[in-house]
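Here it is: the structure, laid out below.
The values are calculated or read from the model by the stated rules, or taken from the named source; none is laboratory data. Treat the numbers as computed from the prediction; the structure is a model and nothing was measured. Every residue, glycine among them, receives a Cβ derived from its backbone with ideal geometry; neighbour counts consider all protein chains shown. Remember, those area values only see protein heavy atoms, side chains included, never the ligands or the DNA or RNA. Shrake-Rupley method; radii C 1.70, N 1.55, O 1.52, S 1.80 Å.
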Amino acid sequence: MLYRPLGSTKIDVSIIGFGAATLGDVFGAMTADGVHRTVQYAIDRGINFFDVSPYYGETLAEQRLGDALAGRRKDVVLATKCGRYGSNHFDFSADTITREFEASLRRLKTDSVDLLQVHDVEFGSMKQILEETLPAMRRLQQQGKVRFLGITGYWPDLLARILEQVPVDTVLNYCHNNLLADDMDMHLTPVAERLGVGLVNASPLHMGLLSGGPIAEWHPAPRRVKDAAATMVEVCRANEVQPAVVALSHCLTHPFVATTLVGFRSMSEVDDALFALEYQTPPKLLREIFEISGPVHNISWSSGLPENQPTSQDTANQKIAS
């Protein structure tokens with residue numbers, strides 16, 4: 001395993017992180033025993049960054065992760081989130097942030113977490129997040145219950161604007177740095193690097209489109225993106241390589257990302273991710289993949305409140321599906 005500094009936090013995290021949404025059955029059912037074995041195996045193989053949220057499986061993921069980390073809490077950098085508690089349930093108020101975080105601690109069976117993040121900032125009022133949510137999280141930090149604070153979300157430019165206004169330790173962006181998109185580097189990466197903020201890349205498989213497995217019915221990508229991803233998967237298989245390995249390998253070459261989150265559901269998927277650390281995609285195959293992705297490159301979907309959607313000026317070179 002390789003490790004990188006998480007921004008200016010003075011802690012090192014594994015370049016491959018464990019995205020624990022899978023533990024909430026978000027991408028298919030897991031058994032309690034399967035969760036335990038997969039988490040323990042990931043730690044044994046050097047993965048030390050675990051990212052979860054009360055939203056995943058409506059608290060199931062936190063509960064399962066807390067159970068699976070019994071006796072191993074000191075071996076991991078544990079991150080959870082606040083503000084999003086259901087598909088359409090958002091509450092960024094200080095009272096809710098404080099109350100629900102205490103519930104998260106109980107589920108995770110720990111007295112503190114290493115990182116607490118605002119979950120999907122695009123669904124909240126920027127005024128409230130800046131003036132109420134983050135100050136409430138800062139008070140939890142002052143109480144010793146949280147080591148570091150972060151923000152997460154879909155729109156790279158929105159995250160960058162928040163970084164410019166308030167000090168945080170980490171920023172997580174999803175679906176904007178993989179084989180189908182690179183606009184994280186246009187809007188967010190330069191700001192995070194300049195400010196010394198730890199950058200977390202999530203959804204290297206574009207929320208499963210590049211995994212080669214079944215696609216969740218709720219997946220928000222437009223049809224032409226899904227079709228292009230399916231063709232990319234077929235091309236990888238025709239070349240006798242696993243599409244997930246090709247996709248993850250591409251993300252792991254990023255020079256500034258501290259950790260890339262992978263949603264593991266089995267020990268074999270952990271092995272695949274570790275193989276991706278060493279794998280080098282043949283140039284001919286990579287060119288073919290980018291030819292397929294070209295027409296849909298950086299196509300996004302609507303996410304969040306209307307006032308938080310990027311403007312055409314903010315998103316030069318970015319295409320938003322209608």
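Considering only residues that are of a type in the set (D, E) and within 26 Å of A258 (Cα to Cα), look in segment 30-64 and name the one that is surrounded by the fewest Cβ atoms within 10 Å (Cβ to Cβ).
The selected residue is D44.
Filter segment 77-87 down to residues that are open to solvent by 10 Å² or more (accessible area, probe 1.4 Å) and either in contact with a helix residue (DSSP H, G or I) (Cβ under 9 Å, 6 or more places away or on another chain) or charged (D, E, K, R) (or both), then give me how many there are.
2
Let me ask you something else. Among the numbered conditions (1) closer than 23 Å to V257 by Cβ; (2) surrounded by fewer than 24 Cβ atoms within 10 Å (Cβ to Cβ); (3) modelled with pLDDT of 95 or more, tell me where V26 comes up short.
Only one criterion in (1) closer than 23 Å to V257 by Cβ; (2) surrounded by fewer than 24 Cβ atoms within 10 Å (Cβ to Cβ); (3) modelled with pLDDT of 95 or more is unmet by V26, namely (3).
For D67, only one of the following conditions fails: (1) surrounded by fewer than 19 Cβ atoms within 10 Å (Cβ to Cβ); (2) outside any helix (DSSP H, G or I); (3) touching a Lys or Arg at 6+ places or on another chain (Cβ under 9 Å). What is its number?
(2) is the only condition that D67 fails.
Here is a follow-up. Examine segment 14-22 for a residue that is under 14 Å from the mean Cα position of the chain (by Cα), more than 24 Å from M137 (Cα to Cα), assigned to a loop (DSSP other than H, G, I, E, B) and touching a residue at least 60 places away in the same chain (Cβ under 8 Å), and state whether such a residue exists.
Among the residues of segment 14-22, at least one is under 14 Å from the mean Cα position of the chain (by Cα), more than 24 Å from M137 (Cα to Cα), assigned to a loop (DSSP other than H, G, I, E, B) and touching a residue at least 60 places away in the same chain (Cβ under 8 Å), which makes the answer yes.
Let me ask something else about it. Could you list, in sequence order, the residues of segment 53-64 that are free of Cβ contacts under 8 Å to residues at least 60 places away in the same chain, outside any helix (DSSP H, G or I) and under 10 Å from S104 (Cα atoms)?
Scanning segment 53-64 gives P54, T59.
With segment 206-322 as the region, which helices (runs of 4 or more DSSP H) entirely inside it contain at least 3 residues that are more than 30 Å from D33 (Cα to Cα) and open to solvent by less than 20 Å² (accessible area, probe 1.4 Å)?
Correct list: 223-238, 283-293.
Please go through segment 87-113 and pick out each residue that is closer than 15 Å to F123 by Cα and either at pLDDT below 95 or of a type in the set (D, E, K, R) (or both).
Across segment 87-113, the qualifying residues are S87, N88, D91.
What's the number of the only condition in (1) within 15 Å of the chain's Cα centre (by Cα); (2) in contact (Cβ under 8 Å) with a residue 60 or more places away in the chain that R224 fails to meet?
That leaves (1) as the condition not met.
Please work out if R99 is open to solvent by 40 Å² or more (accessible area, probe 1.4 Å) and touching a helix residue (DSSP H, G or I) at 6+ places or on another chain (Cβ under 9 Å).
No; evaluated as a whole, the condition is false for this residue.
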